[in-house]
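Reviewing the structure listed below.
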Amino acid sequence: MKAIVVTPQKPGVDIREIEIQEKGEIRVMTRLSGLCGTDRGIVNGDLDFARPPPGNDYLVLGHETLGEVVEGNDRLRKGDLVVPVVRRGCGECLNCKVGHQDFCETGKFTEIGIRGAHGTMREEFWDSEENLVKVAPSIGEIGVLLEPLSNVVKATRELESIQRRMLWRCEDSTYQCRTAVVLGSGPIGLLFSLTLKTMGFNVIVANRRPPSSVEEEIVKATGSIFINTSSEQLPEMDLLVDTSGHPSAFVPLLQKIRKNGALVLFGTTGKERAEITAEDVTRIVENNVVIMGSVNASKDDFQQGGNLLVTWKEMYGEVMSKFITRKVSVEEAPEVLEHKVPGEIKTVIKWK
Ligand SMILES: [Zn+2]
């Protein structure tokens, strides 16, 4: 079968005919593969942690997937739409043993298309039922957003559980009196804005530049506000979510986080330095500010994300399909993996 393969730590990407013997009772045909910064980091040879499965000298890319069951069982039937979870547990630590491989303690987990396991940028794959999340057929193509969304769902659930340390909800039991600022307007930033909006927050999406027309449309249609920080100041906030990975973007905003607020760090790929001052430390201490990092997601987060996609499609209609800014053929995939597409939110590869 046709697959998109890389040699980790070596720049470049190829389309190759391969054959893989793999475990799993469910045969899935890949419909769409989403592209993200991790894929491009691997293709450029920049990510040290990328590695092929044991005994292989190549890695099939792909961890954002929408697939269709072609051979199933009683619960996952032919024609069902499924999304595979990315991380596979170490089998040793307690968190992995109870399905929380996103909190693995040994670090011996694998991740499909990233570390030690082949991904899904190929015509088809076999997987176990336990690793597959069924999604509603009504979601259609935006099901390819479920993997990035699952990470956002996990981060917001973590945040909510930490914030139970005091009363943070408003008098009407929602978060309508709270302001959340999301730094970055890529797919993760926009998915954070929708998730936080659904929770009831007032949401501001911020970037150092004006929004693209698609970003503007999504932010407006979903009831959030876009602020271009190169020309406008951000107000004080209860929650700051950084999806940029640039310390120079979020460190200067520490002084704007209100009492009992939180900073959620999600981005990792940025550069630039920023200095945390004694005033910042005092503010964090005196205001009970939480700083939280979050990575990956459990199967439950994928399922909750699937419910959100159904809700959003109902609420926002066609605006949701604007997330997919470009669909390319398998043959065009190497080019879009090597170079970011201008104005891109989510570029996807169409397999079927
Ligand atoms: Zn583990």
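The values are calculated or read from the model by the stated rules, or taken from the named source; none is laboratory data. On a predicted model such as this, the values are computed, not experimentally measured, just so you know. Backbone-built Cβ (ideal geometry, glycine too); neighbour counts: all protein chains shown. Note: accessible area is taken over every heavy atom of the protein model, side chains too, but ligands, DNA and RNA are not part of it. Shrake-Rupley method; radii C 1.70, N 1.55, O 1.52, S 1.80 Å.
Kindly check whether there is at least one residue in the range 115-129 that is touching a residue at least 40 places away in the same chain (Cβ under 8 Å), open to solvent by 10 Å² or more (accessible area, probe 1.4 Å), touching a Leu at 6+ places or on another chain (Cβ under 8 Å) and not small (Gly, Ala, Ser).
yes
Could you say whether any residue in the range 15-23 is touching a helix residue (DSSP H, G or I) at 6+ places or on another chain (Cβ under 6 Å) and either within 16 Å of the ligand (Cβ to nearest atom) or more than 19 Å from GLY306 (Cα to Cα) (or both)?
No, every residue in the range 15-23 fails to be touching a helix residue (DSSP H, G or I) at 6+ places or on another chain (Cβ under 6 Å) and either within 16 Å of the ligand (Cβ to nearest atom) or more than 19 Å from GLY306 (Cα to Cα) (or both).
Conditions first: (1) in a helix (DSSP H, G or I); (2) in contact with a Cys (Cβ under 9 Å, 6 or more places away or on another chain). GLU141 passes all but one, so which condition is the exception?
So the condition that GLU141 fails would be (2).
Mind counting the residues in the range 64-119 that are more than 23 Å from the chain's Cα centre (by Cα) and charged (D, E, K, R)?
Total meeting the criteria: 7.
Restricting attention to the range 225-247, report how many residues are hydroxyl-bearing (Ser, Thr, Tyr) and either closer than 26 Å to ASN296 by Cα or at pLDDT below 95 (or both).
Qualifying residue count for the region: 2.
Working only within the range 112-131, note down all residues that are among the basic types (Lys, Arg) and within 16 Å of the ligand (Cβ to nearest atom).
ARG115
Go through SER173, SER150, SER185, SER138 for me and flag whichever is open to solvent by 10 Å² or more (accessible area, probe 1.4 Å) and touching a residue at least 40 places away in the same chain (Cβ under 8 Å).
SER138
Which residues, taken from the range 65-102, are in a helix (DSSP H, G or I) and without any contact (Cβ under 8 Å) to a residue 12 or more places away in the chain?
Once the filter is applied, which keeps residues that are in a helix (DSSP H, G or I) and without any contact (Cβ under 8 Å) to a residue 12 or more places away in the chain, the range 65-102 yields LEU94, ASN95, LYS97.
Before we move on, is GLY55 assigned by TED's automatic domain parsing to the domain that holds LEU35, within 16 Å of the ligand (Cβ to nearest atom) and without any contact (Cβ under 8 Å) to a residue 40 or more places away in the chain?
Criteria not met by GLY55.
Here is a check on your reading of the model: is PHE109 within 16 Å of the ligand (Cβ to nearest atom) and either open to solvent by 70 Å² or more (accessible area, probe 1.4 Å) or more than 25 Å from ARG157 (Cβ to Cβ) (or both)?
Here the answer is no, as PHE109 does not meet what is asked.
State whether the residues of the range 175-187 include one that is assigned to a helix (DSSP H, G or I) and at pLDDT 95 or above.
Yes, that holds for at least one residue.
Please go through (1) touching a residue at least 24 places away in the same chain (Cβ under 8 Å); (2) open to solvent by less than 60 Å² (accessible area, probe 1.4 Å); (3) not β-branched (Val, Ile, Thr) for ASN228 and return the number of the only condition it doesn't satisfy.
(1)
Would you point out which residue out of VAL133, VAL182, VAL152 is touching a Phe, Trp or Tyr at 6+ places or on another chain (Cβ under 6 Å), under 16 Å from SER294 (Cα atoms) and not assigned by TED's automatic domain parsing to the domain that holds SER248?
Just a single option satisfies the conditions, and that option is VAL152.
Just checking, which of ASP57, ASP46, ASP74, ASP39 is within 29 Å of GLY189 (Cβ to Cβ) and surrounded by fewer than 16 Cβ atoms within 10 Å (Cβ to Cβ)?
ASP46
Open to solvent by 50 Å² or more (accessible area, probe 1.4 Å) and modelled with pLDDT under 95: which single residue out of GLY317, GLY343, GLY293 fits that description?
Criteria check complete, one pass: GLY343.
Do the conditions hold for GLY62, that is, is it open to solvent by less than 20 Å² (accessible area, probe 1.4 Å), in the same structural domain as PHE109 (by TED's automatic domain parsing), assigned to a loop (DSSP other than H, G, I, E, B) and on the phi > 0 side of the Ramachandran plot?
yes
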